[in-house]
1. Put simply, what bits of segment B:77-94 lose 50 Å² or more of accessible area when the other protein chains are there, versus the chain on its own (1.4 Å probe)?
2. Ranked highest first by average number of other Cβ atoms within 10 Å, how do A:154-161, A:282-289, B:68-75, B:43-50 line up?
3. Amide H of A:Gly70: which non-local residues (sequence gap of 5 or more, or other chain) have their own amide H closer than 5 Å, using H built in the peptide plane?
4. Can you give the charge dipole size of chain B about its Cα centre, rounded to the nearest 20 debye, using +1 on the beta carbon of Lys and Arg and -1 on the beta carbon of Asp and Glu?
5. With springs connecting C-alpha atoms under 10 Å apart, model chain B as a Gaussian network and identify which of B:Phe23, B:Phe14, B:Phe35 has the largest mean-square fluctuation.
6. What FRET efficiency, computed as 1/(1 + (r/R0)^6) with R0 = 30 Å and r the Cβ-Cβ distance, is obtained for A:Glu193 and B:Phe23, rounded to the nearest 0.05?
7. Per-residue HN-Hα couplings for segment A:323-329, Karplus 6.51 cos²θ - 1.76 cosθ + 1.60 at θ = phi - 60°, whole Hz, x for Gly and Pro?
8. Among the aspartates and glutamates, which fall within straight-line cross-link reach of B:Lys89, defined as a Cα-Cα distance under 13 Å, with same-chain neighbours fewer than 8 residues apart omitted?
Amino acid sequence: MSEEAKKGYSVPIGPIHPALKEPILFTFQMNGEKVEKVDFAPGKAHRGIEWMGMRRNPVQIVHLTDRICGICGVSHTLAFSRAVEQVAEIEVPERAHYVRTIIAEYERIQSHLLWAGVAAHELGFDTLFYLAWRVREESLDVIEYLTGNRVNYGIVQVGGVRRDITADQFPRIEASLSYYEDLFGKMLTLFLEDTTIKMRSRNTGVMNQQEALELCAIGPTARASGLNMDVRQDSPYAAYGDVDVRAVMPEQYLGEARGDVYDRIVVRLLEVKQSIDIVRQCMDQMPAGEVTAEPKIPKLLALCKKAEGEAVGRVEAPRGECLHYVRMDGHEQPLAWKVKASTYSNQMSWLKILQGEQLADIPIIVASIDPCMSCTDRVTVLRDGRRDVLTKEELHRLSVEKTRRLQS
Amino acid sequence: MSFLPTIPEILKQFFRKPATNAFPAKYLPPSVTGFLARVGEGTASIHPPIATPPDFRGKIVYDRDTCIGCKICTKICPAHAIEFIPETKRIRIYVTQCIFCSQCNDACPVNALHMSEEFLIAAENRYAEDLIVE
């Protein structure tokens, strides 16, 4: 055996690859079928959304944030408008909080069912993929019924929501909730008791509690590893303070958390049930009243223009915490706007969970954190026609420079 | 011992109507554009799409006579799809750029802008006559 053969070989997957739903480049150092080392290069889906936002006023940016992600659009809108509302000191009416919560929970239902389908597809189990996506349609139909669009809802605006949920819309929501309730038991059986899924996902892509903490995992990925964290529970926003919401842990179903792919399926499926309960509670408790603090858009623009200061909006997106930082200085456009999508925190887990796994398990393990690259890709450096990867020191220097610039 | 709960589900599906709406035709035509051209001529018929819900946000409708030329819509359009024509004091909307957020509908002080139910508006020419509303 030559020295070279022992060293193994490297397998690049991406930037565009059928196993990946969005562009990202993985480089695997392989030894036979086993993954020895993983490296990945995000930044292939950068669209310059923040740049566009810095040239628009908050009323326009709200609709731009809807398009950061095709699945968790309302989480971004909610996080952004929460940040602007804090800067401009706009108080959101109670009813608007409830409408926001209902839409956000419907988004979670459709996002988790979409993910469940993708996970089945990555396992080569396409029958289940079609079943999951057929069921998902119901939540999209309700969202379309409530907001006027299936994907880019455009319902949240700074200061409230743009459409109220009226009493005659309640029966439609109720019908979809009982549809999902009836179906839930079946979905659990189909996904969690299936031998094929168990074989492929049990003890694959394991990340224990300590590692999840060290790698700053968030959302369902962290909860599957046994970390009890959920923005809705830890620092409630919208109407979550009024409803009963507790982080869903795999222990509730299985008695223990192993932090593998199977646990991540468990957490996401149980969260669908939790979302149904939250929507129910919201519908029962919904107070009457206005749904927006300022219905006149020119007035709202004037309010935002006067605002000075900075704020952070945090929202529990289906994939984990989503954070928007906004700084305004009395101009129409914000001085700074920074988006941190959930995958930004979760992607580091890949380095751990892919290590030591087999080549064939890569698609499901990569998909198991529910990555969303278009949300995440915020920085691309192009200088003299060259693409640079910034080192930690350079990024730190840039960060210090930016802080000084903002302070001056 | 393997347990495959999907099998009974598949068997049941054999006796159910497929969930997919066969749109625009029951079987995929060799050329979709050719098929749509034939629909236009009246020689073929389209399988109807699923009805849109009330308050659906489709292609924009502009009431030129009600408009007062206040320019609020041009200021709040996220996609910069609305252009103000100073000579006529009216607006022009480029539907290819429109993102169907209907923010201009909310902002219009005289209710001159509305969203229709039309959503089959794809075309090959971005400046086609029916893709510019004025």
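1. SASA drop of 50 Å² or more in segment B:77-94: B:Pro78.
2. In descending order of packing, they fall as A:154-161, B:68-75, A:282-289, B:43-50.
3. Here the answer is none, since no amide H 5 or more places off falls under 5 Å of that of A:Gly70.
4. Roughly 380 debye, rounded to the nearest 20.
5. Fluctuation is largest for B:Phe14.
6. Approximately 0.25, to the nearest 0.05.
7. For segment A:323-329, the Karplus curve yields 10, 10, 10, 10, 10, 10, 9 Hz.
8. Straight-distance partners of B:Lys89: B:Asp65, B:Glu134.
The values are calculated or read from the model by the stated rules, or taken from the named source; none is laboratory data. In this text, all values refer to a predicted model and were calculated from it rather than measured experimentally. Using ideal geometry, Cβ is built from the backbone for each residue, glycine included, and neighbour counts are taken over all protein chains shown. Please note that ligands, DNA and RNA were not included when accessible areas were found on the heavy atoms of the full protein model with its side chains. Shrake-Rupley method; radii C 1.70, N 1.55, O 1.52, S 1.80 Å.
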